[in-house]
Structure formats: structure tokens, C-alpha cells
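Once you've had a glance at the structure underneath, I'll fire off some questions.
Computed from the coordinates by the stated procedures, all read-outs in this text should not be read as laboratory data. Worth saying up front: this structure is predicted, and the values here are computed from it rather than measured. A quick note on method: Cβ atoms are made from the backbone with ideal geometry, for glycine too, and the neighbour counts reach across all protein chains shown.
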Amino acid sequence: MLTRGNCIVGQSGGPTVAINASLSGVLQGILESENYNSVYGMVNGIEGLLQGKYLNLSETFTTQESLDTLSITPSMFLGSCRFKLPHYEVAPEVYEILFKFFTTHNITTVFYIGGNDSMDTVVKLSSYAKLKNFPIRIVGIPKTIDNDLPMTDHTPGFGSAAKFVATTMLEIAHDTYIYNIPSVTIIEIMGRNAGWLTASAALARTTYSCAPDLIYLPEAAFSLEQFVEDIKRVQKERKNIIVAVSEGIKDAEGNYISATGTSVDAFGHKQLCGAGKTLENYLKDQLGCKVRSVELNVTQRCAAHVASKTDIDESVLIGKAAVQAAIDGLTASMMCYNRISDAPYQVEIVPHAIEDIANKERIIPRSWINEAGNDVTEDMLTYLRPLIEGETLVGYKNGLPIYCDITHLHNKHFFEHLEEN
Ligand code: F6P
């Protein structure tokens, strides 16, 4: 059992609607367990901590009301980074700075909420602690709209993004079907090399709308010629066609169809965007009918007004479970969802060794995509359906949702005292 040291929590990678719910879960778990004196928050993840940027969260969130508001606030209260920790043999000074901070602040546990790249930080901190025999626990908590972390049934944040995508798809269908002229509307959806979020567009289908008519995912090789043929075939049945397309679709040689630039992040990922626009321009030439593309872009990962209650509730629980696991002695691990049943939907939260997770991508099994590579199967829908269930209660003031104040992230004077030191 741990006895009343302190702990620190960080958030890292791309945002989601549920990552603050996991932070709230960690804070609630700490309050309930009474095993830590104070909980600190890294500002801008491990990169910010290296610059000495942190907050005392025990002083910030003192009431259940403030923790509940945190749970429904989109994106990251603590800010983020896309920072790859160098290997300790290459840059030992980086680890000396971090572990000196942990010692001086009596940190006995580090919680790090992030995706597969951020779990690289969990691996490296855990390995260094083991090497130096440093008494600290390092526990990862998953998040990503991409849903591409291995060993977990799904990731916190995915269900809410999926609910936004499916809802928006249905609303776009209402917008599209009003005109009695042929049209093609292409919706570009995030997810990098994994098509889970694009696949969730299929949840939008109702008795009166079959949008999306076609779905293209990174897991199935994309051909422009086949795409035009698919559109022409559907056009024989319907005037208005709606297509869901992943930002990361690739041709048979693995080249991205999107208009990617040359800029890459610290983990070597290209910024993907423009697949929809590329297909729009191509189709306009081929078909000569009205063609429009819509890039959902960042809206799909911060639309807290349409969050999935299942996702938010589970995200709080996985944060709490991480605290309990750390108290029980867990380290070098990430908390995972294990699905017990689809109907009734039931999951349990279990830890898994971090080496099997960090820097790895879980893509859609080919058997959950139809043979033609332009739709998903019923197995996929069975998997997705429970994840978007339920609605959260967002409070409103002056017509706007009430979220947590994030002044500390954009006020350049907030951490001025650090620059003076
Ligand atoms: O990793 C999550 C994600 O939202 C991806 O779906 C997307 O490709 C990427 O982040 C975009 O990252 P950034 O906001 O850093 O450009």
C-alpha cells in the first residue's frame, strides 16, 4: 500500500471529448482513496514538465461540481504535447530533470493519459525507474478518437467522436436530400491509419436514409477508378450520394490519397488532410455533377455537446481504476477495457503491460470490411453500437455550454515566474 506521497498526471497527444473525464476520474479516485497528499498536473505533458510547467490540481478541483464540469469539458485541461522522450542513453539529463522533480515533490505515482505515441513515454519512464531502482509507479490511461490502441476493446474518446460523426452524417443527409438534382457529398473523417472512426459513420443509417452510401477506409486499398465506378453504380439508384472517407486512405502501393504536406510530428506522422478535397476535384472532372467535400477536422474530437454518456462514464471509471491499480502496486502498464458482452453491453477494466501497447496501431480486421472494400459488415456495427449510447447533461449559460476555464493554457503570463527562475 502507498502511504500519502504525492502524484502527478499528464495529458498528451491529440485531444478527445473524454480525456478530461479520465483526468476527473483520477482526481476523484485520489480523493476517495485518501492515499495521496497532493496531485499535480503537468502542463503540456512531459514536454511542459521538462520546462517546469505544472499546476497543483488539489487546489483547483475541490468540489464534486468542479470535477463534474471537468468531466464534460472537451479536449485537455492540462494542455498537450507531441513530444518523443529521447532514450535515456542518448539524453540522460532529460531523465535527471524529471526524476529530480519527482524526488523533490515526493511523487510516488505518474499517471499519463494518451494514445500509442504517449504510451512511449510510459514505457521509457518505467524502464528508467526500473533501471535506477526508483520507487515510483507509472500508469498509462488510454485515449484517442482513432481507437487504434492494442489490447483494449476501445479507447476513451472514441465513442463520443463516433457519436458526433454518425450524428453529423445523418444531419448532412437531411441537408443533401432536399435538392432534386444529382449530387455527391464526400465527408472526410480523422483516424490516421485506422478506419474505426470513419466506419462509425455507418451508424447514421436509418429507415429513411442510407447515408453513407459508400465507406472507404485505410485498411482497404483505394483505387480512383473503382471509386468512380462505385459512384456511377449508386447513381443509378439515387440522385444524392453521400460518401464517408478516411483521411488516411491509401492506394495499393501504400501512398496516401490525401493532399499531405511534408510536415511531420515528433513521431514521424504526416499531417493528413485533403483526401475529401482530392476526391471532390477528381469526381467533378469525371461526373460533371454537383460535388462537395466536408472535412470534419477538429470538430469531431472536441464536440462535447454531443458526447456519448457511455464514453464519458467509462472514461471517469478508467481514471479511477488507474488510481486503485497504482495503489495496489501496478506500474509499467496501461488500463484497458475488456468487453464481456455486446448485449447487454458490459466491460471490465483491466491492466496490460505497456510494452505490448506503446507505438503500436490496432487497425480494423479485414473481415469487418466488405469484400468490395467500400462498406463495413454487421460485426462492425454490433461492435460500434453500444459505444455511442446515452447523452450527457451539459449546463448552458448565455446560450453557451459551461466548460472549465483554461486561461492557464493561453495566457502567456501564467507561467512567467518559471521564466524568471
Ligand atoms: O491522434 C489523433 C488525431 O486526432 C488523428 O486522428 C489525426 O490524424 C491527428 O490527431 C491530428 O493531429 P494534430 O492535431 O496534431 O495535427
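How many nm separate the modelled label positions at residue 33 and residue 400, each set 7 Å beyond the Cα in the direction of the Cβ?
Going from the residue 33 label point to the residue 400 one covers 3.6 nm.
Considering the range 159-300, what Rg and Dmax in Å follow from its alpha-carbon atoms?
14.5, 48
If you don't mind, there's one more thing I want to ask. Could you tell me the relative contact order of the range 159-300? Use alpha-carbon pairs under 8 Å, at least six residues apart, and round to a whole percent. Spell out each step's value before the answer.
Numbers: 263 pairs, mean separation 43.1, N = 142.
That works out to 30 percent.
Most exposed first by the Cβ proxy, i.e. fewest other Cβ within 10 Å, how do 124, 143 rank?
Fewest-to-most ranking of 124, 143: 124, 143.
Just the number, please: percent antiparallel of the DSSP beta bridges in the chain, rounded to the nearest 5. Numbers along the way, then the final one.
Numbers: 18 of 52 bridges.
For the chain, the DSSP antiparallel bridge percentage is about 35.
Report the convex hull volume per residue for the chain, counting only C-alpha atoms, in Å³.
Each residue corresponds to 157 Å³ of Cα convex hull volume.
Sticking with this one: Given 4 °C and 1.567 mPa s, compute D for the range 60-112 with the Stokes-Einstein relation, Rh being the Kirkwood radius over Cα pairs; round to the nearest whole µm²/s.
Numbers: Rh = 14.1 Å.
The Stokes-Einstein estimate is 92 µm²/s.
Also, quick follow-up: Which value at 222 nm does the chain reach when only helices count, each DSSP H run of 4 or more adding -39,500 (n - 2.57), with the total divided by all residues and rounded to the nearest 500 deg cm²/dmol?
Using -39500 (n - 2.57) per qualifying helix, the result is -10000 deg cm²/dmol.
In addition: Going through the range 1-103, which GluC sites (Glu not before Pro) have at most 11 other Cβ atoms within 10 Å and a DSSP loop state?
Qualifying residues, ordered by number: 34, 89.
Pick out, in residue order, every one of the GluC sites (Glu not before Pro) in the range 188-286 that is DSSP loop and has at most 10 other C-beta atoms within 10 Å; say none if there are none.
Passing sites in the range 188-286 are 237, 253.
Then there's this: If we count chymotrypsin sites (Phe, Trp or Tyr not before Pro) as exposed when they sit in a DSSP loop and have at most 11 other beta carbons within 10 Å, what is the longest stretch of the chain that avoids them all?
The longest such stretch corresponds to 209-421.
Most exposed first by the Cβ proxy, i.e. fewest other Cβ within 10 Å, how do 152, 121, 69 rank?
Final ranking by Cβ density, sparse to dense: 69, 152, 121.
What FRET efficiency, computed as 1/(1 + (r/R0)^6) with R0 = 41 Å and r the Cβ-Cβ distance, is obtained for residue 131 and residue 65, rounded to the nearest 0.05?
The computed FRET efficiency comes out at 0.45.
Shifting gears a bit: Please give the direction-averaged projected area of the C-alpha convex hull for the range 1-54, in square nanometres with one decimal.
Across all orientations, the range 1-54 yields a mean hull projection of 4.1 nm².
Between the range 315-332 and the range 75-129, what's the alpha-carbon centroid distance in Å?
Using only Cα atoms, the two centres lie 17 Å from each other.
Of the beta bridges DSSP finds with both residues in the range 159-300, what % are antiparallel, to the nearest 5?
Close to 10 percent.
How compact and how long is the range 290-391, expressed as Rg and Dmax of its alpha-carbon atoms in Å?
17.2, 60
Can you work out the FRET efficiency for the pair residue 253 and residue 286, with r the C-beta to C-beta distance and R0 = 30 Å, to the nearest 0.05?
Plugging the Cβ-Cβ distance into 1/(1 + (r/R0)^6) gives 0.90.
Counting other C-beta atoms within 10 Å, and keeping those with at most 11, which DSSP coil trypsin sites (Lys or Arg not before Pro) do you find in the range 228-314?
Hits after loop and neighbour filter: 236.
Packing-wise, with mean Cβ within 10 Å as the measure, how do 4-12, 351-359 rank, highest first?
4-12, 351-359
How much length, in nm to one decimal, is gained on full extension between residue 345 and residue 225, taken as 0.36 nm per residue of separation minus their Cα-Cα distance?
39.1 nm
Right, here's the next one. Quick one: which residues, 5+ away or cross-chain, put their amide H under 5 Å from the amide H of residue 113? H built at 1.01 Å from N.
Residues meeting the amide H criterion: 10, 11, 12, 141.
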